[in-house]
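This report concerns only the one structure given below.
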Amino acid sequence: MADGETLRFVDRTQVYPAKRAPGERAGDFAEIAARYPTPDAEAQAGRCSQCGVPYCTVHCPLHNHIPDWLRLTAQGRLREAYELSNATSTMPEICGRICPQDRLCEGNCVIEFTGHGAVTIGSVEKFITDTAWEQGWVEPLVAGRARGQSVAVIGAGPAGLTAAEYLRVEGYEVHIYDRHDRAGGLLTYGIPGFKLEKPVVMRRVERLRDGGIVFHHGFEVGRDATLDQLRQRHDAVLIATGVYRARAIDVPTADGAPVVAALDYLTASNRKGFGDAVPAFDDGSLNAFGKHVVVIGGGDTAMDCVRSAVRQGAASVRCLYRRDRANMPGSQREVANAEEEGVEFVWLSAPAAIGGGSVAVRRMRLGTADASGRRTPEHDPGGDTTIDAELVIKALGFDAEDLPALWGAADLPVTRWGTVLVDGATMMTALDGVFAAGDIVRGASLVVWAVRDGRDAAASMHRWLKAKAMAERRAA
Ligand code: FAD
Ligand code: SF4
Ligand code: SF4
């Protein structure tokens with residue numbers, strides 16, 4: 001029973017939900033952390049000191065009302081906590097699972113700085129909305145009064161789904177076009193189940209479908225329609241296509257060497273989880289079973305690859321990264337999880353050649369700082385080695401595809417990185433009524449930023465569409 005008290009951070013220790021033992025979790029793709037039992041969630045929420053200026057909220061991209069829903073949780077008022085948490089986010093239980101909280105809300109919690117350990121905000125957020133789903137508190141999506149205007153959303157990732165939800169609530173007819181056969185974008189086919197189980201994503205998608213949002217799967221803009229054709233069919237368009245051009249690696253590679261792209265590998269693994277037929281997995285090309293696996297890269301995608309390879313039964317899994325642990329872009333929490341599961345990190349190492357069942361590894365050291373202040377890795381002669389590699393996975397990050405060329409839309413302005421250029425205030429491109437949101441604007445980023453962009457884009461599109469309807473009425 002909740003005692004309703006807050007400010008208990010001195011006498012109540014920080015406790016995250018229990019993680020399953022590494023040996024057990026390495027055998028499946030289920031999430032590794034359990035959910036709090038209700039008394040633990042209430043007790044942990046009660047550690048919050050209810051700051052007047054909550055830095056957790058400031059550093060949450062959605063500016064969630066964190067202290068308020070923590071207080072309601074501590075008081076056992078879970079339904080109200082859910083309603084408040086849901087007011088600023090379309091997918092709180094997803095962000096609660098996969099946000100890098102150590103860099104966002106929890107990393108800026110004041111009691112972290114006093115040495116007591118942050119309030120476990122993400123885990124409480126996940127608890128609140130998972131409970132709401134179980135208790136039937138998650139309301140169906142109800143469309144607003146029909147406005148007689150329609151919107152095309154290109155891309156069913158978190159940015160597109162979020163914008164679609166808010167626009168449907170405002171009464172627009174919403175059509176989502178996605179080249180995949182399932183919605184969710186990287187939530188579905190990128191991020192593995194051990195971080196985010198797929199039913200958690202699919203129940204969100206079903207709620208949108210039941211609310212009247214029309215999904216056009218297997219529909220690739222550029223192949224099945226041009227941008228112009230969608231503009232003619234709809235009153236406004238949102239581009240939310242993410243970034244998918246895998247960065248290349250300039251390393252001599254023998255013909256036929258088993259080198260695969262991270263996203264192909266992760267997509268195949270996620271598809272197997274859905275029970276799909278995946279010939280490239282079944283023939284071994286995208287399956288780590290029994291193999292010595294080398295993953296190249298130090299970001300979160302690389303972490304997802306190494307941990308997936310462990311679960312597929314690889315003989316060994318090594319991660320090559322050219323900088324050291326302190327300078328890697330991936331989350332330290334994920335590195336720790338991977339190490340617990342048996343992954344070996346080979347820091348300060350870069351591939352020199354791939355082929356013949358091995359990778360020639362060049363020893364690196366950190367040299368002088370570049371313009372950004374980051375020390376550039378350079379060859380450290382004398383320490384080169386060779387390691388076994390029957391499957392090499394390249395996980396070096398993603399850039400934007402060339403949308404103007406692919407979509408026959410030379411007038412769509414993009415930056416020199418290929419991301420779509422928008423007006424920062426309206427999120428509209430230079431093309432009237434064409435907006436953009438998520439990774440395709442920011443470059444590879446985070447789910448929570450995609451949700452924020454989707455929310456902002458929907459608000460801006462709503463303003464623009466209302467003005468358009470009014471102008472048309474006046475002209476009639
Ligand atoms: P996406 O999720 O990429 O969705 C874009 C959608 O557009 C896709 O469904 C795609 O099929 C569709 N599309 C693209 N082109 C077309 C076209 N021409 N026609 C029709 N449809 C098209 N972020 C976190 O916060 N936490 C994590 O733990 C995390 N882990 C990650 C792990 C991996 C392996 C990767 C790759 C990314 C991870 N991210 C993580 C980043 C996060 O997934 C992205 O920032 C987020 O999904 C971006 O959302 P989006 O809606 O902009 O694009
Ligand atoms: Fe923290 Fe992310 Fe939730 Fe915001 S959305 S409160 S950053 S876990
Ligand atoms: Fe509570 Fe920490 Fe946020 Fe302060 S910063 S309101 S203690 S969660």
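None of the figures in this text is laboratory data; all of them are computed from the coordinates on show. Because the structure is predicted, anything quoted here is derived from the model rather than measured. Cβ coordinates were reconstructed from backbone atoms using ideal geometry, including for glycine residues, and neighbour counts include every protein chain displayed.
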message: Tell me the net charge near Ala261. Cut-off is 12 Å between Cβ atoms, Ala261 excluded, with +1 for each Lys or Arg and -1 for each Asp or Glu.
response: +2
- line: Stretched fully, the stretch from Ile249 through Ala315 gains (0.36 nm per residue minus C-alpha distance, one decimal, in nm) 21.3 nm
query: Tell me, how many Å apart are the Cα centres for the stretch 420-465 and for the stretch 1-69?
result: 31
task: For the stretch 22-135, report the translational diffusion coefficient in µm²/s to the nearest whole number, using Stokes-Einstein at 4 °C, 1.567 mPa s, and a Kirkwood Rh over Cα pairs.
output: 91
query: With Cβ to Cβ distances under 15 Å as the rule, what net charge do the other residues near Leu366 carry (K, R +1; D, E -1)?
result: +4
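Please figure out what share of the DSSP beta bridges in the chain is antiparallel and state it in percent, rounded to the nearest 5. Walk me through the intermediate numbers first.
Values: 19 of 52 bridges.
Close to 35 percent.
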- prompt: Which value in deg cm²/dmol, rounded to the nearest 500, describes the helix-derived mean residue ellipticity at 222 nm for the chain, given -39,500 (n - 2.57) per DSSP H run of n ≥ 4 and division by the residue count?
  reply: -10000 deg cm²/dmol
task: Alpha carbons only, please: Rg and Dmax for the chain, in angstrom.
output: 23.4, 79
message: What whole-number distance in Å separates the alpha-carbon centres of the stretch 131-174 and the stretch 244-287?
response: 34
- request: Any chance you could list P(r) for the stretch 250-397, counting all Cα-Cα pairs in 5 angstrom bins from zero, rounded to whole %?
  value: 2, 10, 20, 22, 21, 14, 7, 3, 2, 0
field: Residues of the stretch 437-460 with amide N under 11 Å of a point placed 7 Å along Cα→Cβ from Ala425
entry: none
query: Hey, rough spin-label estimate for Val169 and Thr415, points 7 angstrom out along Cα→Cβ, what's it come to in nanometres?
result: 2.9
- prompt: With a sphere of radius 9 Å drawn around the Cβ of Tyr36, what net charge do the other residues whose Cβ falls strictly inside it have (Lys, Arg +1; Asp, Glu -1)?
  reply: 0
message: For a quick check: with amide H placed at 1.01 Å from N, whose amide H comes under 5 Å from Gly171's, ignoring anything fewer than 5 positions away on the same chain?
response: Gly144
- prompt: Using 1/(1 + (r/R0)^6) with R0 = 56 angstrom and r between the beta carbons of Val142 and Ser372, what's the FRET efficiency to the nearest 0.05?
  reply: 0.75
